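A quick write-up on the structure given underneath.
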Amino acid sequence: MKACDKIRVINAGLFFSFFLLYLEWGKTQAHFMFELAMLIFTKKANSLETLTHPIIVMLIGALSLTLISACSRKPNRVLNLIAVLLMSAFVLFVLLIGFIAHNYKIALSTIPYLSCSVLFFLFRKIQSQKTEKSKPPK
């Protein structure tokens with residue numbers, strides 16, 4: 001498998017695992033991220049107000065960049081890194097909330113995304129080491 005194909009698979013994993021995040025608030029409110037995405041995009045009233053929230057804009061942008069990277073033949077490394085960092089910040093915040101609230105369901109739901117992001121950063125490190133080795137010495 002070529003390096004471009006590996007990063008595309010990792011990006012697809014990042015994209016889909018992000019939607020497995022579990023959020024819980026109040027006594028009766030609990031949704032997975034894919035359910036919240038469906039609610040946001042199917043809700044007719046206040047949709048502009050909902051879609052312009054800074055966190056929503058950040059996540060839509062990051063998910064769009066990740067999806068573009070997963071579908072393109074040669075993903076842009078900088079845009080891909082920005083997308084993963086933005087989504088990782090949100091996921092780490094969700095993990096922190098899970099630990100603070102002692103809610104194991106929230107904390108455990110971050111494991112698939114965090115696993116994919118660790119693979120992403122390890123793969124980037126390996127790729128950068130390979131390119132440094134292949135460069136001729138000055």
**OP:** Holding the Cα-Cα limit at 27 Å, pick out from Lys6/Lys105; Lys6/Lys135; Lys74/Lys133; Lys74/Lys125; Lys74/Lys105; Lys74/Lys130 the pairs that are longer than that.
**Re:** Lys6/Lys105; Lys74/Lys105
Original post:
To the nearest 10 degrees, how steeply does helix 111-134 sit against the main Cα axis of the chain, on a 0 to 90 scale?
Top reply: 20
Original post:
How many percent of the alpha carbon pairs in the chain exceed a separation of 21 Å?
Top reply: 48
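Given the rule -39500 (n - 2.57) for each run of at least 4 DSSP H residues, summed and divided by the residues of the chain, what is its mean residue ellipticity at 222 nm, to the nearest 500 deg cm²/dmol? Intermediate results must be reported in sequence, preceding the final value.
Working: 7 runs with 102 residues, N = 138.
Roughly -24000 deg cm²/dmol at 222 nm, from the helical runs in the chain.
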**OP:** Measure nothing fancy, just the Cα-based angle from helix 54-71's long axis to the longest principal axis of the chain, in degrees from 0 to 90, nearest 10.
**Re:** 40
**OP:** Given the options Leu21, Leu114, Leu85, state which has the largest fluctuation in a GNM of the chain using a 10 Å cut-off (strictly under) for Cα springs.
**Re:** Leu85
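Readers should treat all values here as calculations from the given coordinates under stated rules, not as data from a laboratory. Only a predicted model underlies this, so the values are computations on that prediction, with no experimental measurement involved.
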